[in-house]
1. Where the convex hull is taken over the Cα atoms of chain B, what is its projected area averaged over directions, in nm²?
2. Excluding ligands, DNA and RNA, what is the accessible area buried between chains B and A, summed over both sides, using a 1.4 Å probe, to the nearest 100 Å²?
3. Please give the solvent-accessible surface of B:THR155 in Å², to the nearest 10, using a probe radius of 1.4 Å with every protein chain present.
4. At a threshold of 8 angstrom on Cα-Cα distance, excluding pairs fewer than six apart, so keeping six or more, what relative contact order does chain B reach in percent?
5. Using a label point 7 angstrom from Cα along Cα-to-C-beta, what distances in nm, from shortest up, separate A:LEU200 from the other copies?
6. With all protein chains present, calculate the accessible area of A:MET143 using a 1.4 Å probe and round the result to the nearest 10 Å².
7. Just to confirm the numbers: A:ALA100, label point 7 angstrom along the Cα-Cβ line, distances to the other copies in nm, shortest first?
8. For B:HIS8 paired with B:VAL167, estimate the spin-label separation in nm (one decimal), with each label point 7 Å from Cα along the Cα-to-Cβ line.
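The values are calculated or read from the model by the stated rules, or taken from the named source; none is laboratory data. Since we're looking at a predicted model, the values are computed, not measured. Here the Cβ is made from the backbone with ideal geometry for all residues, glycine too, and neighbour counts use every protein chain on show. Heads up: the accessible areas ignore ligands, DNA and RNA and are worked out on the full protein's heavy atoms, side chains in. Shrake-Rupley method; radii C 1.70, N 1.55, O 1.52, S 1.80 Å.
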Number of protein chains: 2
Amino acid sequence: MTGSKLIHVQRGNEIYAAGEEAAALYKVCSGAVILFMILEDGRRQIIDLAGPGDLLHFDLDGELDHFAEALTETELAVFDGASALGDPDFLPFFLEQTRARLAMDRRHITMLGRKTAQERLADFLECVSECLGSAPGEIDLPMTRQQIADYLGLTLETVSRIFARWVREGRLVQVAPGQYELPGYGLNRVGAAIKVSALLAA
Amino acid sequence: MTGSKLIHVQRGNEIYAAGEEAAALYKVCSGAVILFMILEDGRRQIIDLAGPGDLLHFDLDGELDHFAEALTETELAVFDGASALGDPDFLPFFLEQTRARLAMDRRHITMLGRKTAQERLADFLECVSECLGSAPGEIDLPMTRQQIADYLGLTLETVSRIFARWVREGRLVQVAPGQYELPGYGLNRVGAAIKVSALLAA
DNA sequence: CGATTTTTTGATTTCAATCAATGTTGGTGG
DNA sequence: CCACCAACATTGATTGAAATCAAAAAATCG
């Protein structure tokens, strides 16, 4: 990336805050980032997860309307958006990123508006396994119950209960803290997608 | 718009469907459009409202993932996105539109994930009064209860009950079918924004 | 190892969904 | 013009999924 500099952010640290002037664009090189909004009374909603290759926001000026925080130790390329858009190589990447982010957000809206707690968590695990890319059938979850709940529009207790139920019913195996596995996945490793539907089956 | 043609769509008619190849971009000239997704079992979520000046989608190729339908009689400019992006006047407009749409979607996510039914409806009325621009303090609502519910992630009964309660409590006045007014608005017409907070006050 | 954070689990409540009529409105044709 | 019909909206009774309240248990960290 021309004219970019690299920064490191530790787990849990803020990258930018709502209200800050949008001065730079950020691209994730390694690690994972959560983007979120906070209501006046403290209610929090995580908007998006960003992994390697993703841009965090697309604002070239004005105030940012959301917060960004490192979920794990994260390396970011920081650069000036206005000048980068002059680069003919950068523009298609920028457009594709915004398009992809809009598609993610549309899915997120549909999930929050119309899906049950269990469906949301299943969708989320599928999304995480793609997005933060672990081996197929395995899920690497560097998030607390509260963070998952804030992404899904639920409470941490509800998230905890659903995990507990799936593990109790043998639909999900916890191999380590923050690491889960879908049992019997070896049998149907047809594609890359995790068969999260198995989590919901009656 | 260079190389564009105008089309008319009647209220309730489909503009495009999910699964269609993204061949053209659409800009609303007059009227209003809803964008929505439908789950396999028929649950529907309205993603966005588009009014005059708005682009409906931003996909230059690939399959569209959502539906677009005219809410009122609508006039649309249809044009080729790929060639329009070559136009140096068009690019900034396109970028600003995607940015604005992302901001709307983030607010929508936060609303669906973290707000109560009443807060959602109040937010929605505020959004509609800006977006489909009626006079300040007045709200023009060309949508059925079901459509409002599908935007807010609620049922039509819940939406109906909240309207009924606000009208009963004198927080909202129905001047005509689909037309509401905030009473006492003349006193605080400080800015352009409707004081929806009055709807929620204890 | 102690202290703090995070997670689990249980009991109870609550908001909105669901189920079920009834009432309105607007368009159409007699 | 009015009667009829089909959408659309309201209202009530009841249920239900997830939130809230409240401890205990487990994991993480210095």
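1. Values: hull surface 49.3 nm².
So the Cα hull casts an average projection of 12.3 nm².
2. Details: alone 10610 and 10600 Å², together 18080 Å².
Its buried surface, counting both partners, is about 3100 Å².
3. 70
4. Working: 336 pairs, mean separation 41.1, N = 202.
Normalised by residue count, the contact order of chain B is 20 percent.
5. Nearest first, the other copies' label points are 3.0 nm away.
6. A:MET143 exposes around 20 Å² with every protein chain in place.
7. 2.6
8. For B:HIS8 paired with B:VAL167, the spin-label model returns 3.2 nm.
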